[in-house]
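Engineer: Dumping the structure here so I can ask a few things about it.
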Amino acid sequence: MTPPKDFTAAIGSDMRTSMRRVLFITRRTSPQVKAYDEERVQTFPEVLIRALLAVECMLIALVLMSLFFNAPLEGIANPTNTPNPAKAPWYFLGLQEMLHYFPPVVAGVLIPGLLVIGLIVIPYFDINIEAEGFFLKNRQRRLRLSMIVAGALTIFLGVFDVYVALVPTVLIAGLLLLAAFSSPESTNRFRRYLAQRPISWWIMTWFLFELIVLTAVGTYFRGPGWSWVLPWRS
Amino acid sequence: MPSTIETYFDKLERTRVWKSIFRSGKGSSTLHNALAIQQNVFLHLFPTKVRKRMLGLGATWYLGTLTLGTFLVLVVTGILLMLYYHPSVPQAYSDVKDLQFIVSSGLFLRNLHRWAAHAMVFLAFAHMFRVFYRGAYRAPREFNWVVGVVLLLVTLLLSYTGYLLPWDQLAYWAITVGTNISSAVPLVGEKIRFLLLGGHLVNANALLRFYVLHTVILPISAVLFLAIHFWRIRKDGGLYVRESEPGAAAAQPTSEEQKPL
Ligand code: HEM
């Protein structure tokens, strides 16, 4: 004897060639069925052609650039003649800028190490899966906490004279404050947007701002002895 | 009437040799198009179908694709550059000078390699931030994000090791500044630096080591991790669909749906 069937199997009547969800409803329960009927295109050829087209456009830009701008080549390496300033490639200038303020263990080992670890743990730390606005819950407590962190960071950077890194920090702190006093129903689009940002967004955006500012300063505003120079006055 | 080329191509596709190479067979039906992906050792890393919504410029900005594009440009131009370059002192510098002034299109080749390298670093960062702001790192994609971080580091190291190879003042001092930092690592710093440079100073040994890293070890690592990266996109259910996009909440994919045929 077969056991009594305690489920129903169903498949959409609008069946097409695309794969779809088969649903088993056990013990006469009735879960919320989410419709799933999303249009898909075939990787071959549609997606591949688009990818190829995108790469082709980029290649044209790179070729034009290579025709009009030459890669730098200076005199042969000379260990006895140190250029001033000796700069790392642009993507490390943020770290070199840090090296100007902090000892090498901090700027060259601790900061990059923490950055890499921080990036790796991002997906494992996002407890807030629905990505709720940071201040939508426990507003008072979270506001106090974020202002303490931002304040401590500001004082720390101020004490070490790291004014370059201070600018993005103060900027983000200001935006945080604005977000705390904005509601998702605000009439202002920007404030509505800020009010809905989760904590991970705030940290990553702070990192992005720092990255841009430090790299730009290292590239354009640093001269002999890592002194402050203005690029338009050289 | 089909053009001559089309007829020839048609005939070619019917030959026994062609059929023995391309397992997907001839045709342009949905099945054949799916097989063209699934039966190809390289393309089968990708899903056979992609949500149409994810193909618009707005979703990924094509940044991952473009990063891959720069990588391919770098492989091709890099191999060509290797034909003219000896990783020895002072030959390396004169080889690069020859590329600039003597080798036909050598200047163009070197420029393209250099600008594509800068573009790749920039695009890898941009792609990372784009993925982050789309929220595409969330489960089940956590590990692919980690693979991405590894790819970012490999990209940075590729660019950095390549920086020394012209053996000019710019190269020499950039690497000196950079490798000095590694001696700041507690306890093992000096050892790491020695291992990297093959000596206490940036010299001919360092050039050779950077060359091997730049042309063998790092590119192979990059290809390996790229393969994992793309394969995981398929296994994780295709590109992440953002909640704020229309109909997205209803379309949370499960990995089962993306199982290959
Ligand atoms: C060599 C560098 C890299 C290449 C060539 C590359 C390539 C790609 C491509 C082609 C895609 C598919 C669509 C797209 O978003 O463009 C993708 C997706 C993805 N990438 Fe990368 N990537 C690289 C580095 C990174 C980095 C640095 C990260 C993050 C730390 C990352 C994380 C991801 C994730 C999580 C996805 C899945 C996105 C989704 O499901 O929507 N990748 N990558």
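Engineer: Apply the a/c threshold of 1.5 to the C-alpha gyration tensor of the protein assembly as shown and tell me whether it is rounded, prolate or oblate.
Structural biologist: Oblate shape, in that a/c is at least 1.5 and b/c is the bigger or equal ratio.
Engineer: Still on this structure: Between A:ALA71 and residues 5 or more places away or on another chain, which pairs have amide H atoms under 5 Å apart, with H built 1.01 Å from N, and which residues are they?
Structural biologist: Under 5 Å from the amide H of A:ALA71 lie the amide H atoms of B:ASN111, each far enough along the sequence or on another chain.
Engineer: Ok, one more. Looking only at the stretch B:150-173, which residues have a backbone nitrogen under 19 Å from a spot 7 Å from the Cα of B:MET82 in the C-beta direction?
Structural biologist: The answer is B:154-167.
Engineer: Projecting each Cα onto the charge dipole of the stretch A:90-226 (Lys/Arg +1, Asp/Glu -1 at the beta carbon, about the Cα centre), which of A:ALA180, A:HIS100, A:ILE148 comes out farthest on the positive side?
Structural biologist: Going by the charge dipole, the pick is A:ALA180.
Engineer: Near the amide H of B:LYS49, under 5 Å away, which other amide H atoms are found, from residues 5 or more places off or on another chain, if H is placed in the peptide plane?
Structural biologist: For B:LYS49, the qualifying residues are A:THR43.
Engineer: Extending each Cα 7 Å along its Cβ direction at A:GLU132 and B:ASN203, get the distance between those two points in nm, one decimal.
Structural biologist: 6.3
Engineer: Also, quick follow-up: Hey, got the average number of other protein chain Cβ atoms within 10 angstrom for residues in A:192-205?
Structural biologist: The mean count of partner-chain Cβ atoms within 10 Å per residue comes to 1.
Engineer: Under a crude label model (7 Å from the Cα following the beta-carbon direction), how far is A:MET147 from A:LEU64 in nanometres?
Structural biologist: Those two pseudo-labels are separated by 5.1 nm.
Engineer: Let me ask something else about it. Kindly write out, for the stretch A:172-179 in residue order, the coupling ³J(HN,Hα) from the Karplus curve 6.51 cos²θ - 1.76 cosθ + 1.60 (θ = phi - 60°), rounded to whole Hz, with x marking Gly and Pro.
Structural biologist: Per-residue couplings from phi come out as 5, 4, x, 5, 4, 4, 4, 5 Hz.
Engineer: Taking beta carbons within 10 Å but only from partner chains, what does the mean come to for residues B:86-96?
Structural biologist: 1
Engineer: Could you grab the relative contact order for the stretch B:1-142? Cα pairs under 8 Å, six or more apart, rounded to a whole percent.
Structural biologist: It comes to 19 percent, rounded to a whole number.
Engineer: Rounded to a whole number of µm²/s, how large is the Stokes-Einstein D of the stretch A:121-232 at 10 °C and 1.306 mPa s, given Rh as the Kirkwood radius over C-alpha pairs?
Structural biologist: Reported coefficient: 101 µm²/s.
Engineer: Select from the stretch A:46-123 those GluC sites (Glu not before Pro) which occupy a DSSP coil region and have at most 16 other Cβ atoms within 10 Å, ordered by residue number.
Structural biologist: Counting only loop positions with at most 16 other Cβ atoms within 10 Å, the GluC sites (Glu not before Pro) in the stretch A:46-123 are A:GLU74.
Engineer: Show me the chymotrypsin sites (Phe, Trp or Tyr not before Pro) within the stretch B:18-127 that DSSP assigns to loop and that have at most 14 other Cβ atoms within 10 Å of their Cβ.
Structural biologist: Hits after loop and neighbour filter: B:PHE22, B:PHE42.
Engineer: Please sort by residue number the trypsin sites (Lys or Arg not before Pro) in the stretch B:51-141 whose DSSP state is loop and whose Cβ has at most 14 other Cβ atoms within 10 Å.
Structural biologist: For trypsin sites (Lys or Arg not before Pro) across the stretch B:51-141 that sit outside H, G, I, E and B with at most 14 neighbouring Cβ atoms in 10 Å, the list is empty.
Engineer: Taking Cα pairs under 8 Å and at least six residues apart, what relative contact order does the stretch A:90-226 come out at, in percent?
Structural biologist: Relative contact order for the stretch A:90-226 comes out at 36 percent.
Engineer: If each residue of separation counts as 0.36 nm, what is the full-extension length gain between B:ALA139 and B:VAL75 once their alpha-carbon separation is subtracted?
Structural biologist: Taking 0.36 nm per residue and subtracting the Cα distance, the gain is 19.8 nm.
Engineer: Kindly identify chain B as rounded, prolate or oblate by the Cα gyration tensor criterion: order the square roots of the eigenvalues as a ≥ b ≥ c, call it rounded if a/c is under 1.5, otherwise compare a/b with b/c, prolate if a/b is larger, else oblate.
Structural biologist: Taking the square roots of the gyration eigenvalues as a ≥ b ≥ c, chain B is oblate.
Engineer: With n ≥ 4 as the cut-off for DSSP H runs, can you work out [θ] at 222 nm for the protein assembly as shown, using -39500 (n - 2.57) per run divided by the number of residues, rounded to the nearest 500?
Structural biologist: The helix contribution divided over the protein assembly as shown gives -18000 deg cm²/dmol.
Engineer: Let me ask another. Below 15 Å Cα-Cα, how many Lys pairs turn up in the protein assembly as shown? Only count pairs eight or more apart in sequence, or on different chains, if you could.
Structural biologist: Total qualifying Lys-Lys pairs in the protein assembly as shown comes to 5.
Engineer: How many Cβ atoms of partner chains, on average, are near each residue of B:163-175 if near means within 10 Å of its Cβ?
Structural biologist: 6
Engineer: Given a Förster distance of 51 angstrom, what is the FRET efficiency for B:LEU195 paired with A:LEU177, based on the Cβ-Cβ distance and rounded to 0.05?
Structural biologist: Taking R0 as 51 Å, the efficiency between B:LEU195 and A:LEU177 is 0.60.
Throughout, read-outs are computed from the coordinates displayed, never taken from laboratory work. This is a predicted model, so every value here is computed, not measured. Virtual Cβ from ideal backbone geometry, glycine too; neighbours counted across all protein chains shown.
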